[in-house]
């Protein structure tokens, strides 16, 4: 479930590769060799290396040179399907809790609520 930017209306998000791409950033790290690494989970659609995306509600646009899949080793991939986890490097305006989606299909996913320390 997500909401439209600036509205309280909830929208159902289909978990399908045919749906518009929507993913949630759940972790951001600073790697001494790569720089800023942004980890995300794809909730719907296909996350590809080519199109730029936006982070609603501010609608900041960013693009990335490559997508990585982190398991035991880092491996470059051309796309990630709904349900998969990946990472991209050097995103300057994207932070933990941001929603990544295609520009013309903006949706805001609920942020992760972490327990108090």
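The numbers here are math on the coordinates, done by the rules we state, and not lab data. Small disclaimer: the values here were computed from a predicted structure and weren't measured. Cβ atoms come from the backbone with ideal geometry, glycine included; neighbour counts cover every protein chain shown.
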**Prompt:** Under a point spin-label approximation (7 Å from Cα along Cα-to-Cβ), what is the residue 7-residue 92 distance to one decimal in nm?
**Reply:** 3.2 nm
**Prompt:** For segment 75-117, with equal point scatterers placed on the C-alpha atoms only and solvent neglected, what are the log10 I(q)/I(0) values from the Debye formula at q = 0.20, 0.33 1/Å, to two decimals?
**Reply:** -0.94, -1.27
